[in-house]
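Colleague: Quick one: this structure, given as structure tokens, is what I'll be asking you about.
Nothing in this text is a laboratory measurement; each read-out follows from the coordinates by a stated rule. Source: prediction; values computed, not measured. As a convention, Cβ positions derive from the backbone with ideal geometry for all residues, glycine included, and neighbour counts pool all protein chains shown.
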Amino acid sequence: MHHNLIVEGTGLQFMTQDVEENWAAEIAVHLKNRFGLSVREAAPIDKGWLNVKWKMITDQGPVFVKYYHPERYKLHARPERRSAIEKTLQLQNGLSAAGIPCPGVYLFNGQFIQETPSGLFYTVLDWVDGYTAQAGCLNAAQMFELGAAAGRMHKWLRSVPPLDKPAWKPDKDAYLKEWQDNWEKAQAAEDKIVMEWLRRSQAIVWSLDFRMFESSTTGWLHWDLWVDNMVLNEHGLAGIVDFDRMSMAYQEIDVARAVLSGALRDGRMRMEAARAFMDGYREQLEVPQGTLTRGMRMLYLIESLWWLRTEVRTESGLRGLLGRFIEEIHWIEDHWTSLSEQLDTV
């Protein structure tokens with residue numbers, strides 16, 4: 001079997017690639033035994049922390065294979081984590097079967113997570129052919145299709161029984177407690193830039209009237225709807241991928257994340273693209289006025305704690321990805337008081 005792996009660099013890379021080739025080979029044998037798929041080639045996909053993913057070319061076409069790394073997922077030790085991932089894969093497969101553009105998941109004996117004899121956990125999904133766009137660069141037609149797909153996805157998910165409680169909810173005290181941890185780390189590192197960022201985020205959250213979220217309804221959502229998870233083709237949207245973070249919270253978070261990721265370019269919100277997404281979404285679901293603005297504020301409460309940190313800033317020079325998320329957070333801050341007048345008419 002041929003592995004499309006480029007071997008270069010340090011001994012550590014050689015070792016890692018040997019290990020990953022062994023994993024690919026073991027999973028390939030298992031795919032043959034379990035699903036009758038003969039793997040001809042395994043090309044690694046370099047995305048995600050500690051995740052190992054491949055495009056495996058089989059005699060029945062390409063499939064996407066993801067190995068759940070034990071250091072990240074600890075599925076052997078955490079059965080509740082395994083059942084939570086099974087649930088998201090089940091929902092994703094249901095969405096795919098309902099015609100929402102996302103990959104179907106292979107099922108065996110009622111399980112979406114497969115386990116090889118040596119204990120490797122992996123999952124197999126349909127391959128979605130296409131490309132991803134740079135952040136802020138989706139055109140109006142693509143944004144319209146994405147909005148329609150997100151609307152159909154949310155509509156279908158509204159029939160799914162809820163969890164006992166949402167995975168997250170707007171909570172001022174919880175925010176400020178986590179903010180304090182970030183502040184202490186920035187102080188210890190004498191990171192004056194992040195300290196300035198944090199002063200600003202604290203002032204914003206102190207001033208926020210959390211009663212605005214009382215009318216938000218909970219529901220299942222994708223929760224990672226940004227450009228890397230939107231696969232495009234020449235016709236428009238090929239599919240939404242990577243449902244790993246899917247849980248129950250507030251669907252407007254998806255709406256805000258998709259608009260921010262697809263339409264914010266060079267510090268400017270491209271209103272035509274934002275409007276196109278909302279037009280597509282409204283074809284499927286009713287959107288009360290203020291939903292997008294409120295979603296942006298929710299997104300800020302979640303993500304400002306992730307990105308406005310010393311640990312992130314020290315990496316962001318190396319990783320443009322983190323720089324992009326910080327740019328998005330700063331855009332929300334810069335327009336905090338005018339979000340309603342900008343977005344409520346979109």
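Colleague: Sort C137, C102 so that the residue with the fewest other Cβ atoms within 10 Å of its own Cβ comes first and the one with the most comes last. Mind dumping the intermediate values first?
Modeller: Numbers: C137 15, C102 25.
Result, fewest neighbours first: C137, C102.
Colleague: Let me ask you something else. In whole angstrom, how far apart do the alpha carbon centroids of the stretch 27-68 and the stretch 229-303 sit?
Modeller: Spelled out, the Cα-based centre of one part sits 30 Å from the other.
Colleague: Residues with beta-carbon under 13 Å from that of R265, excluding R265: net charge, scoring Lys, Arg +1 and Asp, Glu -1? Please list the in-between numbers first.
Modeller: Working: positive: R268, R270, R324; negative: D266, E272, E327, E328.
That works out to -1.
Colleague: Can you put F210, F277 in order, fewest other beta carbons within 10 Å first?
Modeller: On the way: F210 15, F277 27.
The most exposed by this proxy come first: F210, F277.
Colleague: Ranking H154, H330 by Cβ neighbours within 10 Å, fewest first, what do you get?
Modeller: Details: H154 21, H330 16.
Ordered from fewest to most neighbouring Cβ atoms within 10 Å, H154, H330 come out as H330, H154.
Colleague: Could you tell me how many cubic angstrom of Cα convex hull volume the chain has per residue? Please report the intermediate quantities before stating the final value.
Modeller: Numbers: hull volume 55.4 nm³, N = 346.
Normalising the Cα hull of the chain by residue number yields 160 Å³.
Colleague: Running a GNM on the chain with Cα contacts under 10 Å, which residue among L75, L125, L237 ends up with the highest mean-square fluctuation?
Modeller: L75
Colleague: Mind listing P(r) for the stretch 66-129? All alpha-carbon pairs, 10 Å bins, whole percents.
Modeller: P(r) for the stretch 66-129, in whole percents per bin: 21, 51, 24, 3.
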